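Okay, structure first, notes after.
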Amino acid sequence: MPISPITSKTDLVTFSVKSNGSAIKDTYQVLSAYVDRSVNRIPYCEIEISDGSAAKEDFPISDSDTFVPGAKIELLAGYENSNETIFKGIVIKHGIRISPDSGPVLVVLCKDEAVKMTVGRKNAYFQQMTDSDIISKLIGNNGLSADVTATDNPLKEVIQYYSSDWDFMVSRADANGMVVIVQDGKVSVKNPDDETEEQLALTYGYDIYEFDADIDAQTQIKSVQSNAWDIKNQAIISGESSISNLDIGNILSLIHI
């Protein structure tokens, strides 16, 4: 049964940051840490740390090797020092921000290691492979762990032309009605599951602090008809989709996630 997050002890919010497996120094003043996870996108984390001395004209944290590009970062968060990992990735951007209204800040942008799949536009040729095999191959070529739902019917030939591995993978997943979910270097490509058990119960007026959601019916259609040309039989082949009975959720006062 799903429960509210405030049923546990949540008086003290705690977190920790690790760089290359070791906790950063206690003297580092972390101002904020933001994590973003979205379907079909690379997870990222942005950490802001107070850094810099006008008197000494230096930036000691930035000058250290703690947050150099390529460093492996792990962010843990929770309550009462019972922290769990909420992000793992590598530093891809490192910058200093100075403004007249606040002190100097070190801004570190990290992305999941799946970001490797976005680097470079590539060309490739796949023969007699299913889309799931193609996707698994793309993920494996980048040294990542894959969890891909098998698809049917090997394709005679598929061409990847001037496209990053990530964009090509998402396009093949989309062609099969699947979604891409990335977590800690593991890339999962699966069908949306409307029968997953509810994990969390949130109620307006009780435990929701901020919420923003909408339903967009602009692209919602009753059915789709597709036509193709059968070269062998010199005839048009037609097919029509069935109407989905998928329940998109309850938009009343009680929200389940």
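Would region 226-233 turn up any residue that is at positive phi and part of a loop (DSSP other than H, G, I, E, B)?
Of all residues in region 226-233, those at positive phi come to none.
No, the conditions are met nowhere in region 226-233.
Residue check: is Val35 closer than 30 Å to Asp165 by Cα, outside the structural domain of Met169 (by TED's automatic domain parsing) and in contact with a Pro (Cβ under 6 Å, 6 or more places away or on another chain)? Give the derivation first.
Values: closer than 30 Å to Asp165 by Cα: yes; outside the structural domain of Met169 (by TED's automatic domain parsing): yes; in contact with a Pro (Cβ under 6 Å, 6 or more places away or on another chain): no.
Criteria not met by Val35.
Go through region 77-153 and tell me which strands (runs of 3 or more DSSP E), entirely inside it, have 3 or more residues that are hydrophobic (A, V, I, L, M, F, W, C) and modelled with pLDDT of 95 or more. I'd like the intermediate steps shown before the answer.
Numbers: elements: 82-99, 102-111, 122-129, 145-148.
Here the list reads 82-99, 102-111, 122-129.
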- region 185-204, residues that are surrounded by 15 or more Cβ atoms within 10 Å (Cβ to Cβ) and assigned to a loop (DSSP other than H, G, I, E, B): Gly185
- Query: in the same structural domain as Phe168 (by TED's automatic domain parsing), within 24 Å of the chain's Cα centre (by Cα) and at negative phi - does that describe any residue in region 45-54?
  - Reply: no
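Would it be correct to say that Asp207 is outside the structural domain of Glu84 (by TED's automatic domain parsing), in contact (Cβ under 8 Å) with a residue 24 or more places away in the chain, part of a loop (DSSP other than H, G, I, E, B) and not aliphatic (A, V, I, L, M)?
On the way: outside the structural domain of Glu84 (by TED's automatic domain parsing): yes; in contact (Cβ under 8 Å) with a residue 24 or more places away in the chain: yes; part of a loop (DSSP other than H, G, I, E, B): yes; not aliphatic (A, V, I, L, M): yes.
So Asp207 passes the test.
The values are calculated or read from the model by the stated rules, or taken from the named source; none is laboratory data. None of the values given here were measured: they were computed from a predicted structure. Please note: Cβ atoms are built from the backbone with ideal geometry, for glycine as well, and neighbour counts cover all protein chains shown.
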